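A short write-up of the structure that comes next.
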Amino acid sequence: MAESEEEVDVLVQRVVKDITNAFKRNPNIDEIGVIPCPEARYNRSPIVLVENKLGVESWCVKFLLPYVHNKLLLYRQRKHWLEREALADITCTLLLLNPDFTTAWNVRKELLQCGVLNPEKDLYLGQLALTKFPKSPETWIHRRWVLQQILGQCSAVDRSKKRQQGDAERGDAERGDTERGDAERSQQLSEHLARTLHQEMKVCSDAACRYPSNYNAWSHRIWVLQHMGQGNVKVLHDELSSMRLWVSMHVSDHSGFHYRQFLLKALITELSQTPASTSSTSTAPSSSRLHHSQANGELSEGEAATDEEWQLSANTVLQLFHQEMELCSDLIQSFPGHETLWSHRRHVFYLWHHWRREQQQQQKGSTNGESRSGVLSSNGDPAPPTLSAQSSAGGGGGVNGQGHAAQAMEVDGASLPDPRDSKRLKTGVRPPSPPALPSEPSFVSGFLDGCCNPEQRRFALAYKKWLDTVIGQQP
């Protein structure tokens with residue numbers, strides 16, 4: 001055991017060097033931890049590397065942490081000079097032991113901007129720190145800063161590409177070479193962003209598993225999708241599908257269900273924008289064309305295509321609501337007495353309630369509302385009510401007796417209508433849909449009739465009271 005200040009300095013410098021060498025020997029370290037060891041029993045390094053796990057014996061932490069902390073503070077106060085490589089090693093050691101030390105992250109920001117570090121290395125360091133401190137707010141904040149730097153680099157490349165495309169003075173050969181180089185660079189950036197997005201999802205999922213209701217991890221996950229996956233319906237679908245198993249195994253984690261609610265709302269928004277933007281160009285047809293369509297009882301090709309897109313979007317949203325309500329029902333029945341499940345069902349029904357009212361308003365303001373009235377019934381509810389006894393009585397459906405649905409396909413475990421098979425919209429097969437308003441009281445009444453769990457009964461009564469309030473607000 002070291003006794004004098006000189007011996008402590010020698011010991012700590014050796015430990016910092018051992019940590020740096022451990023990362024050089026094994027660049028695939030995926031977890032760090034502190035090994036309980038009150039005393040140094042053997043004359044060996046306190047840094048233990050087994051496979052991809054890095055451990056630090058606890059006896060040296062009381063010497064190591066104050067040393068690197070003081071070194072960094074002296075550097076920031078301009079009282080002690082450190083080379084950039086030594087500064088990177090000291091901040092790495094400090095953040096692995098105390099990732100909430102903001103000054104260390106700020107120093108690494110400066111090193112990253114100077115080019116001493118690359119963004120991937122800092123993301124990797126943060127990932128390791130989160131294996132020991134999964135809720136560290138400063139680590140999540142620094143990750144978002146690094147991701148913003150990566151997005152800024154990609155935006156700079158895109159702006160450069162647009163400037164080059166606008167230059168029409170160049171020769172054809174030179175312009176062709178430039179365009180090919182830009183295309184390759186853009187492809188590489190797209191692949192890099194896709195890998196980074198996938199890695200961030202994995203880091204957030206691991207942190208959420210290590211710490212229950214990890215608000216910081218789930219908030220970061222939402223931020224990543226908003227900035228790196230905005231408008232990407234496939235990414236949103238994949239996330240919603242992958243989260244199905246996770247929430248089934250963590251039925252009391254409200255943060256996980258809140259993330260699922262965000263995904264559902266984002267998908268509804270994205271799916272509703274496409275037909276809305278398309279229909280905006282055809283909602284005010286000329287009087288002659290409208291008269292011709294009404295006289296022949298048919299729609300033009302453009303109107304028919306717009307109507308099919310609108311139906312596909314509405315059917316997909318109905319499928320999402322139906323699957324989410326089925327998941328809620330299964331989890332509530334399998335895991336009684338969990339308030340999180342009832343809160344999630346309330347939020348899903350709230351989203352469906354407002355989406356249905358928006359569809360009613362769009363139908364009233366649409367010039368070709370007759371062709372769209374098949375998706376929602378005459379009273380504005382989904383044509384085929386499900387999850388209740390009404391499903392057997394929903395054969396009549398839409399206006400003019402025309403049912404419609406898209407053949408379902410599997411997307412990462414989630415059944416969704418196939419947008420390429422629009423002709424099947426004309427068939428009599430109807431897609432699954434969320435429950436109509438009367439079916440939710442029936443669902444709650446069924447629980448109250450045979451409920452033996454007092455907690456489950458209390459949650460069901462609270463949901464029924466809230467449901468009556470929502471239904472009472474109907475126009």
Q) So, by mean Cβ neighbours within 10 angstrom, what's the order for 55-64, 253-262 with the highest one leading? A) 253-262, 55-64
Q) Considering only the other residues whose Cβ falls under 13 Å of the Cβ of TYR463, what net charge follows from Lys and Arg at +1 and Asp and Glu at -1? A) +2
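Tell me, in nm to one decimal, what length is gained between ARG41 and ASN21 on full extension, where the rule is 0.36 nm per residue of separation less the Cα-Cα distance?
Numbers: separation 20, 0.36 × 20 = 7.20 nm, distance 2.25 nm.
Stretched out fully, the ARG41 to ASN21 stretch lengthens by 4.9 nm.
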Q | Dipole axis of the stretch 1-114 (+1 Lys, Arg; -1 Asp, Glu on Cβ), positive-most option in CYS60, GLN113, ASN70 | A | GLN113
Q) Fully extended, how many nm does the chain gain between SER205 and GLN148 (0.36 nm per residue separation, minus their Cα-Cα distance)? A) 18.5 nm
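Once fully extended, how much extra length lies between ASN28 and LYS62, figured as 0.36 nm per residue of separation less the alpha-carbon to alpha-carbon distance? Write down the numbers at each step before the final one.
Values: separation 34, 0.36 × 34 = 12.24 nm, distance 2.71 nm.
Length difference between fully extended and current span is 9.5 nm.
Of LYS234/LYS465; LYS53/LYS234; LYS121/LYS202; LYS109/LYS234; LYS202/LYS234, which ones are farther than 28 Å apart at the Cα?
On the way: LYS234/LYS465 37 Å; LYS53/LYS234 34 Å; LYS121/LYS202 17 Å; LYS109/LYS234 33 Å; LYS202/LYS234 17 Å.
With Cα atoms farther than 28 Å apart: LYS234/LYS465; LYS53/LYS234; LYS109/LYS234.
I'd like the FRET efficiency for GLN226 and ASP9, computed as 1/(1 + (r/R0)^6) with the beta carbon distance as r and R0 of 56 Å, rounded to 0.05. Let's see the in-between values first.
Details: r = 47 Å, r/R0 = 0.83.
Efficiency for this residue pair is about 0.75.
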Q) Which of the peptides 347-357, 241-251 is most tightly packed, and how do the rest follow, going by the mean number of other Cβ atoms within 10 Å of each residue? A) 347-357, 241-251
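Just so you know, all these numbers are worked out from the coordinates, no wet-lab data involved. The structure presented is a predicted model; accordingly, all values stated were derived computationally and were not measured. In this analysis, Cβ positions are derived from the backbone assuming ideal geometry, glycine residues included, and neighbour counts consider all displayed protein chains.
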